[in-house]
1. What relative contact order, as a whole-number percentage, does the chain give when Cα pairs under 8 Å and 6 or more residues apart are counted?
2. Convert each backbone phi in the stretch 318-331 into a coupling constant with the Karplus relation 6.51 cos²θ - 1.76 cosθ + 1.60 (shift: θ = phi - 60°), then list the ³J(HN,Hα) values in order as whole Hz, x for Gly and Pro.
3. Choose one answer from Glu306, Glu180, Glu17: the residue with the largest mean-square fluctuation in a GNM of the chain with alpha-carbon springs under 10 Å.
4. Given springs between every Cα pair under 10 Å in a Gaussian network model of the chain, which of Leu33, Leu97, Leu310 has the largest fluctuation?
5. Under 5 Å between amide hydrogens, which residues at least 5 positions from Trp160 or on another chain qualify, with H placed 1.01 Å from N in the peptide plane?
6. For the cross-link pairs Lys109/Lys257; Lys93/Lys191; Lys274/Lys322; Lys134/Lys295; Lys278/Lys322; Lys79/Lys322, which exceed 32 Å when the distance is taken from alpha carbon to alpha carbon?
7. Any idea what the dipole of the chain comes to, in debye rounded to 20, about its Cα centre with Lys/Arg Cβ at +1 and Asp/Glu Cβ at -1?
8. 7 Å from Cα along Cα→Cβ at both Ile290 and Ala45: what's the point-to-point distance in nm?
Amino acid sequence: MISILIPFKNTEQFLTECLKSIVEQTFENWEVLAVNDHSTDSSRALVNSFALKDSRIKLLDNEGTGIIPALRYAYTIAKGAYITRMDSDDIMKPNRLQNMLHSLEEKGKGHVAVGQVRYFSDRGISDGYSRYEKWLNQLTSTGENYNEIYKECVIPSPCWLVHREDFEACGGFEPNRYPEDYDLTFRFYEKKIKVIPCDEVLHLWRDYDTRTSRTHVHYAQNYFLDIKLHYFLKLDYNPKRPLVIWGAGFKGKKIAKTLLEKNIAFNWLCDNPKKINKEIYGQQMRHFSILRKLKSPQSIITVANENAQLEITNYLHSLDQKTMQDYFFFC
């Protein structure tokens with residue numbers, strides 16, 4: 001059985017499409033644990049109407065507040081040997097569960113099944129979301145999602161499936177870190193859960209102004225940076241190697257400030273003549289050419305401009321440096 005965990009709050013206008021897409025799945029051995037997170041609209045009544053018609057759908061009320069407590073509570077009820085989650089405003093393609101389960105059965109434990117995603121909206125999709133969709137699907141098509149894990153969340157929260165044992169080995173929903181989907185992705189990476197490539201769109205991602213990822217403080221940029229740096233220091237940072245930060249924008253400054261608070265030494269690089277040799281937080285900005293003088297450095301790159309990123313990548317390659325070993329893009 002597949003257990004599908006769905007936290008929901010005030011999404012009455014989307015829940016019918018969401019639940020119908022699950023009921024109409026080609027794979028039928030599933031259960032839905034739908035957790036009402038203190039909705040003030042008719043969402044709860046709507047889910048209850050589905051539950052009365054289909055015993056596979058269970059309506060629960062969040063004992064705490066927020067997505068993580070809702071997911072934790074749902075998981076205590078879940079009975080499936082396979083675990084996934086779903087957003088209450090999205091739509092599953094009809095073969096999503098069957099496709100993912102087949103992939104997991106074929107590859108065995110130690111793997112996570114994912115699917116490609118497609119954004120949709122009544123008003124059209126922004127260029128930023130369109131680029132994110134393309135980037136994410138390219139990674140998913142080859143299963144090389146972890147190669148760019150420090151850039152953005154590389155496993156979409158409502159489009160994965162894992163064995164229950166693997167999920168629990170990764171800590172389940174226990175950590176209290178937001179964004180919770182990004183944190184879970186890092187834990188898959190930490191436990192070396194391999195991503196199974198997928199070249200098919202299995203999930204339709206709805207975009208609208210009041211979507212949680214657009215409006216909630218837990219999905220602000222500083223939360224993403226905190227998670228990135230937390231896992232970098234835990235999983236990929238080698239304290240015996242010189243640490244380098246590229247860039248002095250918002251992200252570079254936030255990371256530098258955190259490293260200073262942790263008493264972690266670093267070199268701060270840029271190519272802006274107005275900043276070179278100036279100090280920020282008491283740290284001198286230096287020209288990137290000093291990298292050649294450092295012995296086996298590790299670089300955190302916070303430069304957002306795509307052309308500059310390409311130039312930096314080419315420069316690092318000229319020094320025989322490798323991504324996810326010697327340099328890490330945090331943007």
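1. Relative CO of the chain lands at 16 percent.
2. 5, 9, 6, 8, 10, 5, 6, 10, 9, 9, 9, 7, 9, 7
3. The residue with the greatest mean-square fluctuation here is Glu306.
4. The residue that fluctuates most here is Leu310.
5. Under 5 Å from the amide H of Trp160 lie the amide H atoms of Arg85, each far enough along the sequence or on another chain.
6. Over 32 Å apart, Cα to Cα: Lys109/Lys257; Lys134/Lys295; Lys79/Lys322.
7. Computed charge dipole of the chain: roughly 1420 debye.
8. 6.6
The values are calculated or read from the model by the stated rules, or taken from the named source; none is laboratory data. Treat the numbers as computed from the prediction; the structure is a model and nothing was measured. Positions of Cβ are generated from backbone atoms using ideal geometry, with glycine treated the same way; all protein chains shown enter the neighbour counts. Side chains are part of the model used for accessible areas, which takes the heavy atoms of the whole protein and leaves out ligands, DNA and RNA. Shrake-Rupley method; radii C 1.70, N 1.55, O 1.52, S 1.80 Å.
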